[in-house]
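Participant: Encoded as structure tokens, here's the structure I'll be asking about.
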Amino acid sequence: MQLEYIGAFDVVLGVLARFWPVWIALVLVMGASFVYKKRLGLYGQLFDSSVGIVGVGICLFWLFTAIFASTISPFNPLVQIPIMKDALPGAVEPQSGLVYLFGGDKLARDVFSRMVYGSQIVLIIAPAATGFALMVGITLGLPAGYYGGRIDTVLSFLANLVLAFPVILLFYLLVTPGIMETPIPYAMAGLFFLFPIIFFSVLFWTRYKKRPDRLYILLGLTLIIGGWVYSGLVFDADPFRIIHIDPNQLNIFVAVVFASSPGVFRIVRGLVMDIKTRDYVAAAQTRGESPWYIMLWEILPNARGPLIVDACLRIGYTTILLGTLGYFGLGLAPESPDWGTAIKDASRLLRSFIHPALPPTIALMSFVLGLNLLADSLREQSMKD
Amino acid sequence: MLSFILRRLGTMALTMLCLTLVVFFLINLDPNLKKLAISQTEMHTSAEQLESWLVNHGYRQNFFSRYGQWLGIVPKQPVTDPATGKPARRFSFCNDPVEPTFSGVLQGDFGCSTKFKTTVASKLFPALGATGILMFWVLVVMVPISLLIGILAGMREGSRTDRTLSVASIASTATPEYVSGVIFTVIFASWLGLLNGSAASASRGITFYNFTLPVMTLAIYGIGYIARMTRASMVEVMTQQYIRTARLKGLSFGSVVVKHALRNALIAPFTVIMLQFPWLLTGVVIVEVMFRYQGFGYTLVEAAGNNDIDLLLGCSLVSVFIVLITQLISDVGYAFLNPRIRVQ
């Protein structure tokens with residue numbers, strides 16, 4: 001049976017039309033931010049430069065794409081419709097009359113829908129892993145920079161140890177099907193996911209230990225929410241069955257956190273060593289504040305600028321890492337629609353078909369570019385102050 | 001200075017020891033050993049046969065004694081041939097000692113590759129040579145281009161050239177090798193047909209036709225990063241007093257840049273270029289797999305994919321060594337280039 005095709009112009013129009021919820025949300029959010037930019041602090045200042053606007057725009061675009069993925073994509077990203085195998089862009093699927101806007105891949109799945117769903121995987125794992133890496137890096141970097149001495153020597157040695165591993169080798173060792181049979185990923189997850197709980201407990205304890213009424217509420221909340229998420233992620237034993245993570249996803253999550261937290265550690269340590277010589281730290285020491293109070297409530301807020309910039313860059317870098325994992329077929333399921341896996345599948349067949357390769361590569365590139373532009377503009381804005 | 005280098009070399013040795021121990025532990029996990037046994041024996045072997053294969057090839061000896069044997073501080077024991085009861089070689093394809101001898105990495109024996117059926121040394125070093133050629137061309141392309149972009153952008157901060165080049169370098173840092181590789185292949189190999197999308201033939205002879213794409217792909221990710229560092233350093237230098245003095249005494253802008261600014265602005269990029277090697281290492285793996293170039297990265301992936309224990313250990317030793325030695329060179333070189341820095 002011969003497939004019907006629509007023209008290139010119709011494909012472009014069709015793609016733009018499919019993204020309608022994203023355009024509406026984008027216009028609303030960007031418009032509101034632009035109008036109220038004076039009141040929005042650092043985020044508002046981003047709208048003063050064209051680079052910042054483009055960066056925010058691209059990041060929000062992919063964020064909304066991930067949120068509205070089920071509305072945007074015309075097909076299920078995993079369903080194969082045999083007649084559409086290797087179909088060129090613009091092919092009309094005969095049964096539903098819907099269009100394979102970017103064509104079909106070698107397993108006859110819709111490339112467009114897979115690209116849209118791929119954004120979900122990236123936008124869940126990359127920021128979350130960066131968040132955990134930040135928690136680990138901050139919790140360890142603060143004492144290393146503040147106390148110096150033996151703690152610093154030991155922690156820095158460990159960080160350099162991990163940094164001396166080529167990332168790809170680390171992934172080949174940590175993200176294999178075999179390692180799932182051992183307790184190693186779970187032990188590492190158990191260790192890493194403990195850090196946010198420790199961080200927030202110490203954060204509230206140092207601030208409110210003289211005010212038990214606030215302290216008990218905040219500590220209780222931290223422990224309940226933290227414990228709930230912890231049991232769901234590490235033991236897969238969430239009593240409400242809301243938080244659930246596949247074992248192989250847990251494995252890549254842990255590996256990514258492991259690979260990127262030493263970088264955060266180094267930055268935090270450097271910042272703390274710089275900031276601890278300031279007068280306000282000396283003042284707090286004279287007041288007799290505890291070391292952890294000084295670290296968390298005097299030093300950390302003053303280190304936030306470079307940390308926010310680094311977090312943006314790091315989300316982009318984590319996206320690249322996830323793509324690398326997908327490209328080498330590590331961890332993620334082979335039919336998973338994430339961009340790295342899609343690039344791997346398509347790049348093997350570049351000689352015959354190029355259309356399945358382009359959407360995921362451009363998607364990944366544009367998202368990382370958006371994050372980098374955002375970070376660059378944040379850096380410029382925070383330098384102005 | 002000498003004691004600084006010696007202390008750094010000591011830390012380096014300790015780091016390498018720890019890292020190889022970690023790698024040794026991870027690739028000798030039980031599931032990985034089983035995988036190795038399955039891939040090395042015939043199809044449909046029973047669990048007992050797999051176990052006896054592992055025992056016969058010495059994989060069930062004590063963990064630390066095996067690590068010591070690999071390292072060369074514990075004598076390597078030959079295995080006993082179950083048929084004859086005599087000591088025998090572990091693998092027929094490489095000449096392991098038949099008597100207990102110290103034969104490990106310290107003695108220069110990297111072991112046997114189970115995947116390629118040869119000694120690790122005869123597989124690893126030619127691959128390193130091939131990667132060395134690739135790295136050489138990448139550096140030849142990457143360093144001048146990125147320094148030029150950085151200097152042009154940083155020489156007049158805020159100008160149109162600066163903004164254009166800055167956005168271009170941000171874009172290039174946002175393009176990992178597997179993305180740029182695909183895009184370049186599509187443009188230059190599929191559409192224009194100018195270049196070869198595979199570098200498999202480059203092992204026999206490098207031509208412009210088969211080697212440009214891998215070099216380009218590998219260089220593009222680093223160019224943006226080095227260019228940005230050069231730009232930042234150039235911008236800083238251009239605001240210095242001596243640049244103003246040079247301008248005020250009537251030198252032309254071009255000669256101020258070339259004679260006064262350039263030298264001082266190139267100190268920081270030197271460090272960055274040296275620290276770029278570990279990044280290149282990951283890139284090399286991706287590019288060599290993508291373009292089927294038989295180098296170090298390709299060997300590493302083959303070793304990891306087949307759980308080839310000795311080869312993978314050799315690969316990790318080499319890559320960790322490269323990472324640490326470039327860090328050392330960058331520290332020492334920085335002190336030499338910048339007389340204001342004194343290492344303690």
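Participant: Filtering region B:36-59 down to residues that are surrounded by 13 or more Cβ atoms within 10 Å (Cβ to Cβ) and not in a helix (DSSP H, G or I), which residue is farthest from the chain's Cα centre (by Cα)?
Facilitator: The residue in question is B:Thr45.
Participant: Consider region B:300-325. How many of its residues are part of a helix (DSSP H, G or I) and touching a strand residue (DSSP E or B) at 6+ places or on another chain (Cβ under 7 Å)?
Facilitator: Matching residues across region B:300-325 total 2.
Participant: Run A:Arg304 past the list (1) closer than 30 Å to B:Val235 by Cβ; (2) free of Cβ contacts under 8 Å to residues at least 60 places away in the same chain; (3) crowded, with 23+ Cβ neighbours inside 10 Å; (4) not assigned by the TED database to the domain that holds A:Ser49 and report the number of the one that doesn't hold.
Facilitator: (3)
Participant: Let me ask another. Search region A:333-343 for residues being hydrophobic (A, V, I, L, M, F, W, C) and surrounded by 24 or more Cβ atoms within 10 Å (Cβ to Cβ), and hand back the single one that is farthest from the other protein chains (Cβ to nearest Cβ).
Facilitator: A:Ala342
Participant: Regarding B:Thr185, is this residue more than 10 Å from chain A (Cβ to nearest Cβ) and either in a helix (DSSP H, G or I) or of a type in the set (Gly, Ala, Ser) (or both)?
Facilitator: Spelling it out, it is not the case that B:Thr185 is more than 10 Å from chain A (Cβ to nearest Cβ) and either in a helix (DSSP H, G or I) or of a type in the set (Gly, Ala, Ser) (or both).
Participant: Filter region B:161-176 for residues that are more than 9 Å from every other protein chain (Cβ to nearest Cβ) and touching a Ser or Thr at 6+ places or on another chain (Cβ under 9 Å); which is surrounded by the fewest Cβ atoms within 10 Å (Cβ to Cβ)?
Facilitator: Across region B:161-176, the extreme among qualifying residues is B:Ser172.
Participant: Sort out for me the helices (runs of 4 or more DSSP H) sitting completely within region B:191-290 that have 1 or more residues that are crowded, with 23+ Cβ neighbours inside 10 Å, in contact with a helix residue (DSSP H, G or I) (Cβ under 7 Å, 6 or more places away or on another chain) and polar (S, T, N, Q).
Facilitator: So the answer is B:208-238, B:267-290.
Participant: I'd like to verify a number: residues in region B:188-220 that are within 13 Å of chain A (Cβ to nearest Cβ) and touching a Gly at 6+ places or on another chain (Cβ under 6 Å), how many?
Facilitator: 2
Participant: Within region A:344-372, count every residue that is within 16 Å of the chain's Cα centre (by Cα) and facing chain B (nearest Cβ under 7 Å).
Facilitator: Residues meeting the conditions: 5.
Participant: List every residue pair whose Cβ atoms sit under 6 Å apart, with the two residues 6 or more apart in sequence or on different chains, where the first one lies in region A:167-188 and is of a type outside the set (Gly, Ala, Ser) and the second, anywhere, is outside any helix (DSSP H, G or I) and surrounded by 18 or more Cβ atoms within 10 Å (Cβ to Cβ).
Facilitator: A:Phe171/A:Leu330; A:Val175/A:Leu330; A:Val175/A:Gly331; A:Thr182/B:Leu29
Participant: Sort out which residues of region A:11-48 are touching a residue at least 60 places away in the same chain (Cβ under 8 Å), surrounded by 14 or more Cβ atoms within 10 Å (Cβ to Cβ) and touching a Gly at 6+ places or on another chain (Cβ under 9 Å), and write them in order of number.
Facilitator: Result: A:Val11, A:Gly14, A:Gln45, A:Leu46.
Participant: Considering each residue of region B:299-335, count those that are closer than 24 Å to B:Leu29 by Cβ and more than 11 Å from the chain's Cα centre (by Cα), and give that number.
Facilitator: Residues flagged as closer than 24 Å to B:Leu29 by Cβ and more than 11 Å from the chain's Cα centre (by Cα) within region B:299-335 amount to 15.
Participant: Only one residue in A:Gly141, A:Gly145 is in contact with a helix residue (DSSP H, G or I) (Cβ under 7 Å, 6 or more places away or on another chain) and over 30 Å from A:Ser231 (Cβ atoms), so which one is that?
Facilitator: A:Gly145
Participant: Take residues that are of a type outside the set (Asp, Glu) and within 12 Å of chain B (Cβ to nearest Cβ) and tell me which of the helices (runs of 4 or more DSSP H) falling wholly in region A:101-195 contain 2 or more.
Facilitator: Output list reads A:149-164, A:167-174, A:184-192.
Participant: Sticking with this one: Restricting to region A:272-313, count the residues that are closer than 30 Å to A:Ala129 by Cα and in a loop (DSSP other than H, G, I, E, B).
Facilitator: So the answer is 2.
Participant: Here's a follow-up. Return the residues of region B:109-146 that are closer than 30 Å to A:Ser377 by Cα and surrounded by fewer than 22 Cβ atoms within 10 Å (Cβ to Cβ); say none if nothing qualifies.
Facilitator: B:Leu139, B:Val141, B:Val143, B:Pro144, B:Ile145
The values are calculated or read from the model by the stated rules, or taken from the named source; none is laboratory data. A quick note: this is a predicted structure, and the numbers were derived from the prediction, not measured. Don't worry about glycine lacking a Cβ; one is built from the backbone with ideal geometry, like all the others, and counts go over all protein chains shown.
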